[in-house]
Every structure is written in structure tokens, then in C-alpha cells.
Amino acid sequence: MLKIIEQLQLAKQAASQLRVASTKQKNQFLSQLADLILQNKERILTENTKDLAGSKDITPAMKKRLTLSDASLSVMADGVRQIIDLSDPVGQVVSSWTQPNGLKISKVRVPIGVIFFVFESRPNVIVDAAALAVKSGNVLIARGGKEAVHSNDILEKLIHEALVAAGLSESCATQLADKSHEAIYEVVKHPEFVDLAVARGREQLINAVKEHARVPVIAHERGVCHIYIDEFADKDMAIKITVNAKISNPATCNAAEAVLVHKNVADKILLDLIKALIGKGVEIRGDERVCKTDSRCHKAAETDWGKEFLDMILAVKVVDSFDEAMAHIEKYGSRHSDAIITENKINAERFLNQTNNAATLVNASTRLVDGGIFGLGAEFGISTASIHMRGPMGLDDLTVTKYIVLGSGQVRE
């Protein structure tokens, strides 16, 4: 097994190679990787079965995240191919101008360098991350969760095979060889090798990475996504969107965890909304007015407001005003994604301006906040940070800018 420092040194060396790799070469890697995924479906599913067998004490929703299938592997390969069609951001000129002294200045996109990526559960993530990292000219060191170790290992082998076929080093995208938690905290102490850490997973893990890090960290933190059903909401739309936002995949960070219903439409919408949710197997944890509407609802505890359930559980509250809804979201939200259901353009505009999050939606499900849905091909994660970028991290977000200055003998007087 490679020692941590040895692996970091190899990554830094690979970064020099990948920084100057051509778009054609990077796309060759992606094409080869997509082919290998399709050609090795049986091998991948065999390893995924091992992970599922070893993860018996997880919720059905979490099991769904961990499970691969013939169909999901085809989607995974398609996602890789979509990245081929995206413009290579490396070398793109953001802006350019000429100064009065004749200096020609350009601001261009360049790779970040070596990215350490910590994630959990979903085995497709290592493929998305490797594809995005290589296309954007970055070296990836990934550290997945123990629950997906067999799936990640086979996918890493295919990633390495594709890299070699494209004439690139295996070190351009690899897993951290040392699987211990201590190794995670050691890696982020080395800014001489690592340029950025991206962390997504349990809150405890993310906080630990940030506490130990001496490198910049972009956190994909918990998703406490709210849906506010405004007094001017269309009933059918409100029910359709809320049910979708909760049940389409409750174990994802963009699933709705709380719903706020304006009191003026509570009598019109709330009972049918609760029936629709409970009918789909959702447990409702509500305030007093919600529990009075349907006796099957459970009284919400204070800790249920602001909780990321990642399960078929939803907190529901009746609010007296738009301002109360905004105050609730500000207090309990996670700055991930929030949605308003309304036919009132003024309230929609107020909601867009007042919510402080990575993505704000009007009359649409929070489950749509996703790199693939946004046309980014895939995503590294959904950043809730207030620096560099926010929301789904696509190709452009894995670059920074650099100034190119062309002179003809100018000096500073």
C-alpha cells in the first residue's frame, strides 16, 4: 500500500501532466471509461452485491442510494459521454483587454490542481468525480465510504484502465490507498500537495475534515430543503411538487425535509396534501395545527425543524405569513435549496431575493437541483459554501482564473 506522502507526491506529478493534456486526450479517457462501464456491468454488479450484503443496518432509502443496477450503470455511462460533449473549460478566455501602455491582459480558466474528494454511499459518485476532474484538468484523489468499498474498487480499476488507454497516468484519478479515517485528516494537512478538498457526506465527517484542514475546503453539507406553499399557490401543483420532492429519492440532499403552508390555504390544501404523503408511506411530523388536521400525524419535536431526515419523514408547519416562512427558513435551513409554490409574481420575486441558499426554485421540485438536470453532465457535489461557487459543481466550477499578460518591453515607472 502506498504511503500517504508517496501518493500525494505522485498526484502532484500527475497534475503537471494533466494540466497540459489536450481536450482530445481527455475525451478519449471519457469515451473509454463509458465503454468499460457497459462492458463490465456483470463485474460491477457482483461487487455491488457484496456491498449490499455488508450493509444490513441501513434504511431502505440509504440502501436505494447504494444499489446499482443494469439501468443505473447505463445512466452512469451516458453521464460520462455527456461530459465529452461539454466544452473544455481549460484555456477559456473569461475576459481580455489592452491597457494604455500596450499590455495585453487576458483572464483565462485553468485547473485547480490536486483535488481530494471525500464522499459516502453512492458508488456512481467516483465515476462522476473522475470524469469531471480529468476533463477540467484536475487530479483526483477520492476517498469513498466503507459501505461502497467493493463497488468503488472495481470502478477505480476501470478508471485506471481508461486513463492508461488515453496515455495518462493512473495517478490522475485514484482512491486514497490508506482507508483509515486518520488518513483523511492527514491528507488535508498538506497544502504543498493538495490544492482543494471537497467533502460530502455525514455532518460529523464534514466538520472533522474542516477542523483538520490546512487546505481550502468546499463542503457539500446537509440538505435541509424547504418547500413554502404560499397563500397564492395552486393546490394541484403544490401537492404534486411536494410529494415528488419528498418521495422520488428521500435519501438525497435535495429531497424536501420540511414544508411550510400559509394559513390562508391550509384549509384548502393541507388535508389532501397530508393524505397524499401518508398514502405514499411518508411519516408526517407536524405542529399543532397540522396534527389537528389529520390524527395520523406525529407531533414534531423542536429537533425536527432543521433536521435532515434522509428518509420517508417530513416536517410540516402552518405559518401565519410570508415573513414567518422566511424567518423559519433562515433559522432552520441549510442554505442548500428551497422552493416556493405560488402564482403571485411579487411573492415569487421576494422569495428569490430573500432566501440565502445555493439554489432557489419557483413552482418546481427541489429534487431538480442536480448537475445532470442542470445540463452540467454530472456534479462533484452541491456546494453550500459562500466562496468560490455555490450549487452543483460542474466543469467550470473545477477551474480558477489566471491572468495572462503579454508585453513588449513595458516596465513599471
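The values are calculated or read from the model by the stated rules, or taken from the named source; none is laboratory data. Not measured: the values here are computed from a predicted model. A quick note on method: Cβ atoms are made from the backbone with ideal geometry, for glycine too, and the neighbour counts reach across all protein chains shown.
Here's the yes/no breakdown for (1) assigned by TED's automatic domain parsing to the domain that holds GLY145; (2) in contact (Cβ under 8 Å) with a residue 40 or more places away in the chain; (3) within 30 Å of LYS280 (Cα to Cα):
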| residue | (1), (2), (3) |
| --- | --- |
| LEU8 | yes, yes, no |
| GLN13 | yes, yes, no |
| VAL20 | yes, no, no |
| GLN32 | yes, yes, no |
| GLN39 | yes, no, no |
| ILE44 | yes, yes, no |
| THR67 | yes, no, yes |
| ALA71 | yes, no, yes |
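Answer yes or no: is there a residue in the stretch 396-413 that is touching a helix residue (DSSP H, G or I) at 6+ places or on another chain (Cβ under 7 Å), assigned to a loop (DSSP other than H, G, I, E, B) and touching a residue at least 60 places away in the same chain (Cβ under 8 Å). No, the stretch 396-413 has no match at all. VAL164 meets all of the listed conditions (1) assigned to a helix (DSSP H, G or I); (2) in contact (Cβ under 8 Å) with a residue 12 or more places away in the chain; (3) of a type in the set (A, V, I, L, M); (4) within 26 Å of GLN28 (Cβ to Cβ) but one, namely (2). Picking from residues in the stretch 147-156 that are surrounded by fewer than 24 Cβ atoms within 10 Å (Cβ to Cβ) and over 19 Å from the mean Cα position of the chain (by Cα), the one that is nearest to PRO111 (Cα to Cα) is GLU156. May I ask you to verify whether ASP88 is acidic (Asp, Glu), closer than 18 Å to GLY371 by Cβ and at pLDDT 95 or above? Here the answer is yes, as ASP88 does meet what is asked.
Checked against the criterion of being surrounded by 22 or more Cβ atoms within 10 Å (Cβ to Cβ) and of a type in the set (Asp, Glu), the stretch 284-306 has no qualifying residue. In the stretch 253-281, the residues that are assigned by TED's automatic domain parsing to the domain that holds VAL318 form Cβ pairs under 6 Å with partners that are part of a strand (DSSP E or B) and of a type in the set (Gly, Ala, Ser), at six or more places apart or across chains, as follows: ASN254/SER337; ALA258/ALA315.
Of everything in the stretch 162-203 that's within 20 Å of the chain's Cα centre (by Cα) and either acidic (Asp, Glu) or not assigned by TED's automatic domain parsing to the domain that holds GLN13 (or both), which residue is modelled with the highest pLDDT? For the stretch 162-203, the residue satisfying everything is ASP195.
Being more than 18 Å from ALA130 (Cα to Cα), of a type outside the set (Asp, Glu), at pLDDT 95 or above and crowded, with 20+ Cβ neighbours inside 10 Å narrows it down to one residue among ILE159, ILE229, ILE141; which is it? Exactly one residue qualifies, and that residue is ILE229.
Kindly indicate whether ARG367 is of a type in the set (D, E, K, R), out of contact with any Leu (no Cβ under 9 Å at 6 or more places or on another chain) and crowded, with 18+ Cβ neighbours inside 10 Å. So ARG367 fits the description; yes.
Quick grid of which residues meet (1) without any contact (Cβ under 8 Å) to a residue 60 or more places away in the chain; (2) under 17 Å from ILE241 (Cα atoms); (3) of a type outside the set (Gly, Ala, Ser):
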{"site": "ALA327", "(1), (2), (3)": "yes, no, no"}
{"site": "GLY333", "(1), (2), (3)": "no, no, no"}
{"site": "GLU343", "(1), (2), (3)": "no, yes, yes"}
{"site": "ILE346", "(1), (2), (3)": "yes, no, yes"}
{"site": "LEU361", "(1), (2), (3)": "yes, yes, yes"}
{"site": "VAL369", "(1), (2), (3)": "no, yes, yes"}
{"site": "GLY375", "(1), (2), (3)": "yes, no, no"}
{"site": "MET393", "(1), (2), (3)": "no, no, yes"}
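Considering (1) among the aliphatic types (A, V, I, L, M); (2) surrounded by fewer than 24 Cβ atoms within 10 Å (Cβ to Cβ); (3) under 27 Å from ASP234 (Cβ atoms), the lone condition that ILE341 does not fulfil carries the number (2). Of the strands (runs of 3 or more DSSP E) lying entirely inside the stretch 170-250, not one carries at least 3 residues that are β-branched (Val, Ile, Thr), under 30 Å from GLY279 (Cβ atoms) and touching a residue at least 24 places away in the same chain (Cβ under 8 Å).
For the stretch 258-360, the strands (runs of 3 or more DSSP E) that sit wholly inside it and include 2 or more residues that are β-branched (Val, Ile, Thr) are 313-319, 337-341.
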